[in-house]
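Worksheet for the structure shown next.
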Amino acid sequence: MSYKKSYQIYIIGVGGQGTIKTATIIGEAAMAQGLNVVMSEVHGMAQRGGTVVTELKIGDSLSPLNEKYSADLLLAFEPSELLRATSIIGKDTNIIASCSSIIPFTVSLGISKYPDINQIIERLSKKVDNLHFIDAEKIAIEAGNIIAANIVILGAALATSKFPLKKENIIESMKQNLPIKSIDMNIKALEMGSKEYLKVSK
Amino acid sequence: MKLQDIYEKKEGEKLFLLGNEAAVRGVLEAGISFTSTYPGTPSSEIGNVLAKIAGEAGVYFEFSVNEKVALEVSAAAAASGLRSFVFMKHVGLNVAADAFMSTAYTGVRGGMIILSADDPSMHSSQNEQDNRLMAQLAGVPVLEPSNPQEMKDFMVYGINTSEQYKIPVMMRTTTRVSHMRGIVELGPIKPGEKEGFFKKEEPGFTIAPAYARKMRQELVKKLNQLEITGNNSPLNRIVRESKKNRVGIITSGVSYNYVLDTVNKYSLPVNILKLGLCYPFPRELMKNFITNLDDIIVVEEVEPFLEKEVLSIIGQEGWQKKVYGKLDRTLPHIYEYNPDIVEQSLTQVLKMGVPEKNPEIDFTDITPPMRPPVLCPGCPHRSTIYGIKKAVQSLKIKKENIIYSNDIGCYTLAMQPPYYMADYCICMGSSIGIASGMSKATKQKIIALIGDSTFFHAGIPPLINAVHQKADIMVVILDNRVTAMTGGQPNPGILTDIGGEKGMVVSIEELSKAAGAGYVKTIDPGDLDNSVKTFKEGLQYEGVSVIISRSPCVVFVKPEKERLTYQINQEKCTRCLICLRQFNCPALYQREDGSIDINYLLCTDCGYCVQVCPQKAIEVKK
């Protein structure tokens, strides 16, 4: 048996942004597509407004944890959180990040500084071929509810050339994992996210 | 996936399950009919799922008052012939240790599984103790699953083993297994016995010395038999073997995943032994595995548990072999492993050149902002601790003369700036015991902070102690009507409804009075002036004062009445920043122009900040 490399996904955000939900949608879609998938999530204390990381590997791997400089896809729901994911970013990592900052209380207390996002972009662009910022909150509001910002980012991921899952499987998985009453709005957010990615990645 | 799928889906179907959810399916497939816990991360979701489905799935489930009681009720069920399952986080087993050690001696009749969810790297714990050592200390067999599928399958294997040998079995998971999601193929559901019957017979379950000596003999006999079982168990298997290979890896739990991924990735020439029933050590199997090897690498998380046994076998046989692991520093002795750590260690031992990875992007000069967990916007605890601070300030007690003895719960977060209200906090219930001792050891003022669930769990005996020893302390019970930090579980202070059965409500006020506290008052933290006044009285009271600050958790309890929306009156606001820098609600922020505003995405309309503003600049929105 020859070893086939897994597709590695790293999702980072702040507690309450829907990182676990997004990853679960991806995972169940992968299973429906007949692929093996493993996922790692964070619960408990880390959720109270702290950083939340969720990781997936789609393929033959037993462990869901991304390897150093090896992520295929990095989704950042908050831009400064990209700085906490630098160890898994490689030249081939496709990065999709939301532009909307969430300023932690440590900044208002003056014990920590919020970084200059332009500086992050400048630095990352030198090393990574694919880096895309998306105004996910604005698009989500247009779709119907700011809460769907994570689905906008998922839509952008879906539009990347190497994403291994089909749109119909993602939508079916969304139906299983999101409230029925908001499903149309979420599908709209997904599609708008895909469209936005195609626009910005040109 | 819907939660009902866990008991509705049939044999052969597949679900994408969290390790903890897979354990619940395992309960149903193992014919277990009695389950109990005290919530603790990383085991909490097992209870959250059981609380929702136990009734329909025909299983008894309770959130017990603490882990010791949880273990005792499940032991009682197993002694009555039912199959039982008790689960907790690793440090929960410390609370349950007394009952745990003795249950190994008495044994069980129905099968019993004790799940310990260890937390290497301390994602949400105070230590990273390896409870395989606790099991060895007690003489309890240990199962170590590597993924959700095994978490389910090992429940079935474990319950049968437990029942066959009349001994409780430990399932040791770690955070990365409990919180790993993977595809699980389901087996058939086996309905459990509905009603147990406790048969009276000698020596029964009374562990007096004369009986205990016999039980000790029995226990060692059981463990010797289980060692033979382990040598042939399907849970202990040689995953790869070639006569040509001179290097072998022995591994268990989550480490196995990293080992196999690395071995596959680089086609490493190694033999692999995976241990799922790792204690009693399957010594014959381990001996046969290593007999033809020159080098053995042991990969396991936290303590060198298997590694020391490998060394003991080699020593007994008088062999010359090299063992790589934690003891020779090939692998780290602290924190959890990951693919990179294991890859680096394996390739180093095998002297393999690994293709160099992309150089790291240099980010040393830009750092992310610190983002520690915080009390939620609208959390009543914030108002309680703010009120305490105000009372202390108004009594002009010097900073160095006030000691905050904190406890385990969301309010532990008061340790952070700007509050700095946790000088001491070591374990569940310790706030009152430590306060009691501090009051005897020093002349300083001592405030104990403890939550409702933690008070019920381990706060009552130390409160009795403090009263009896005439300690001079103020105990603040932050009663948010739920066990919040672990995800919103009930506790004896509130009406519960699990499996269709309503529980009785136990009063914190009555308990405190019955314990002998001389000053007992209940406040609403939403009324700041009254809170400050009451805290001042409590602090000035000579003896044990208990103040119950009661207001429901903003996340897990729905507000009863409709709330008003607030706004900042920019004309009144002097930008004193008290709301930001002292009260510190995450829903308040400073704009670039220096003005203060409310982030309505986060704001819960609690209105606590209104009383904090000295200018009365936070007003009802018109």
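For this structure, a couple of remarks:
- Of all the numbered requirements in (1) more than 14 Å from chain A (Cβ to nearest Cβ); (2) touching a helix residue (DSSP H, G or I) at 6+ places or on another chain (Cβ under 7 Å); (3) of a type outside the set (D, E, K, R); (4) within 22 Å of B:Gly409 (Cα to Cα), B:Ile494 misses one, and that requirement is (2).
- Residues of the range B:138-152 that are surrounded by 24 or more Cβ atoms within 10 Å (Cβ to Cβ) and in a helix (DSSP H, G or I): B:Pro148, B:Glu150, B:Met151, B:Lys152.
- In the range B:415-440, the residues that are in a helix (DSSP H, G or I) and under 16 Å from B:Ile477 (Cβ atoms): B:Ser430, B:Ser431, B:Ile432, B:Gly433, B:Ile434, B:Ala435, B:Ser436
- Here the condition is being of a type in the set (A, V, I, L, M, F, W, C), in a helix (DSSP H, G or I) and not assigned by TED's automatic domain parsing to the domain that holds B:Val475; of B:Ile334, B:Ile361, B:Ile341, it holds for B:Ile341 alone.
- Residue under evaluation B:Asn401, criteria (1) under 22 Å from B:Leu528 (Cβ atoms); (2) away from chain A (no Cβ under 14 Å); (3) of a type outside the set (D, E, K, R), criterion not met: (1)
- The range B:348-385, subset of a type in the set (Val, Ile, Thr) and at pLDDT below 95, residue surrounded by the fewest Cβ atoms within 10 Å (Cβ to Cβ): B:Thr364
- Qualifying position, being among the aliphatic types (A, V, I, L, M) and either at positive phi or more than 10 Å from chain B (Cβ to nearest Cβ) (or both), among A:Ala85, A:Ala71: A:Ala71
- Of all residues in the range A:50-68, those being facing chain B (nearest Cβ under 7 Å), at pLDDT below 95 and under 16 Å from the mean Cα position of the chain (by Cα) number 1.
- Screening the candidates A:Ile103, A:Ile88, A:Ile95, A:Ile121 for the property of being of a type in the set (A, V, I, L, M), surrounded by fewer than 24 Cβ atoms within 10 Å (Cβ to Cβ) and closer than 26 Å to B:Pro586 by Cα yields one hit, A:Ile103.
Listed here are the residues, each with its yes/no results for (1) outside the structural domain of B:Leu133 (by TED's automatic domain parsing); (2) closer than 18 Å to B:Lys326 by Cβ; (3) not hydroxyl-bearing (Ser, Thr, Tyr).
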residue	(1), (2), (3)
B:Val247	yes, yes, yes
B:Ser255	yes, yes, no
B:Asn264	yes, no, yes
B:Ser267	yes, no, no
B:Pro280	yes, no, yes
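- The number of residues in the range B:26-75 being assigned to a helix (DSSP H, G or I) and in contact (Cβ under 8 Å) with a residue 60 or more places away in the chain comes to 13.
- The requirement of being out of contact with any strand residue (DSSP E or B) (no Cβ under 8 Å at 6 or more places or on another chain), crowded, with 21+ Cβ neighbours inside 10 Å and not hydrophobic (A, V, I, L, M, F, W, C) is satisfied by B:Pro586.
This table checks each residue for (1) more than 12 Å from every other protein chain (Cβ to nearest Cβ); (2) assigned to a strand (DSSP E or B); (3) of a type in the set (Gly, Ala, Ser); (4) over 34 Å from the mean Cα position of the chain (by Cα).
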| residue | (1), (2), (3), (4) |
| --- | --- |
| B:Ser545 | yes, yes, yes, no |
| B:Pro559 | yes, no, no, no |
| B:Glu562 | yes, no, no, yes |
| B:Tyr600 | no, no, no, no |
| B:Lys616 | yes, no, no, yes |
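The values are calculated or read from the model by the stated rules, or taken from the named source; none is laboratory data. Predicted, not measured: the structure shown is a model, and the values here were computed from it. Virtual Cβ from ideal backbone geometry, glycine too; neighbours counted across all protein chains shown.
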